[in-house]
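Novice: Take this structure, written in structure tokens, and hold onto it; I'll ask about it next.
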Amino acid sequence: MTLHLPDYKVEAIKADCNDLLARHEVSVRELSQLIGRLTASIQAIFPAPLYYRHLQHLKHQALAQRKGYDATIALSREAEEELHWWLAHLNAWNGRAILHPSPDLIIETDASMRGWGAVCQGVRTGGLWSQMEQKLHINCLELLAGSFAVKSFTKDRLCVHVRLRMDNTSAVAYVNRLGGTHSLVLANLALALWEWALNRNIFLSAEHLSGRLNTTADWQSRHFDDSSNWQLCPEVFRAL
């Protein structure tokens, strides 16, 4: 059994998205009402949380500045892109089931300020951060480590459930909640990881692993051959 948005709710969401896109400025109240519709759809639209984080950020930013619900604000480029996603993909995702079977792969990951490391089924991997990546917050590096690890161990896999075990609670939360509102950089990194996974029918989950138990991935994140050479992840450019 799958949950499915009725047609009238689908059309209401599309109408709201089109209405906001047609105007240069929208009220905080109108934005809040649309966000409410989108968040209410998450049981029927699996990736919904990935595509309203910038809308939420605009709302929270306006309220933090004490503008009030009747104030008008301009949509950011990222917020407009989220609205376009709903118009383009709402029908395709409506009622699409995502099964949550036991994980097929369990990957332990870790990050240091020098690089990242991971281990899966006895196989180890890792890499050095670029100079730009080294400037990121450790929470971002931990999530980026998980992203690199998933891509390394599933590059030839489709339709699998990958469980990430990480010792960083923020990274775990941003995987399991499909983003978040505290950090747009983390939200963008989570979006890039989930989009990569969903394009391959890969389901992700994450759980916290105590740092004292995450020894193999931790070692991998700190020890490298001098020949190691890693390129800046494209998602980092988009997230900054």
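What follows draws every value from the coordinates through simple rules; no lab data is involved. The model shown is predicted, which means the values in this text are computed figures rather than measured ones. Quick reminder, even Gly has a Cβ in these numbers, built from the backbone with ideal geometry, and neighbours come from all protein chains shown.
Novice: Taking the number of other C-beta atoms within 10 Å as the exposure measure, put Phe148, Phe46 in order starting with the fewest. Don't skip to the answer; put the middle values down first.
Specialist: Details: Phe148 22, Phe46 18.
The order, fewest Cβ neighbours first, is Phe46, Phe148.
Novice: Next question, about the same structure. Figure the gain on full extension for Asn199 and Cys159 (residue separation times 0.36 nm, minus the Cα-Cα span) and round it to one decimal in nm. Working shown, then result.
Specialist: Numbers: separation 40, 0.36 × 40 = 14.40 nm, distance 0.97 nm.
Length gained, Asn199 through Cys159: 13.4 nm.
Novice: For the chain, what does the relative contact order come out to in percent, with C-alpha contacts under 8 Å and a separation of six or more?
Specialist: Details: 394 pairs, mean separation 50.6, N = 240.
So the answer I get is 21 percent.
Novice: With a 10 Å Cβ neighbour count serving as the proxy for reagent exposure, in which order, fewest first, do Glu25, Glu142, Glu82 appear?
Specialist: Details: Glu25 11, Glu142 27, Glu82 20.
By the 10 Å Cβ count, ascending, the order reads Glu25, Glu82, Glu142.
Novice: If you rank Tyr174, Tyr8, Tyr51, Tyr69 by fewest surrounding Cβ atoms within 10 Å, what's the result? Please report the intermediate quantities before stating the final value.
Specialist: Numbers: Tyr174 28, Tyr8 8, Tyr51 22, Tyr69 14.
Fewest-to-most ranking of Tyr174, Tyr8, Tyr51, Tyr69: Tyr8, Tyr69, Tyr51, Tyr174.
Novice: Looking at the chain only, what percent of DSSP beta bridges run antiparallel? Nearest 5 please.
Specialist: Working: 14 of 25 bridges.
Around 55 percent of the beta bridges assigned by DSSP in the chain are antiparallel ones.
Novice: Hey, which of these cross-link pairs are over 30 Å Cα-Cα: Lys67/Lys135; Lys59/Lys135; Lys9/Lys59; Lys14/Lys59?
Specialist: Check vs 30 Å cut-off fails for Lys67/Lys135.
Novice: Let me ask something else. Quick one: go through region 141-167 and flag any residue whose amide nitrogen is under 13 Å from the point 7 Å out along the Cα-to-Cβ line of Val123.
Specialist: From region 141-167, the list is 149-158.
Novice: How far apart, in nanometres, would the label points at Met113 and Arg77 be if each is projected 7 angstrom from Cα along the Cα-to-Cβ direction?
Specialist: 3.2
Novice: Just for region 105-221, what percent of DSSP beta bridges are antiparallel, to the closest 5?
Specialist: Details: 11 of 22 bridges.
That works out to approximately 50 percent antiparallel.
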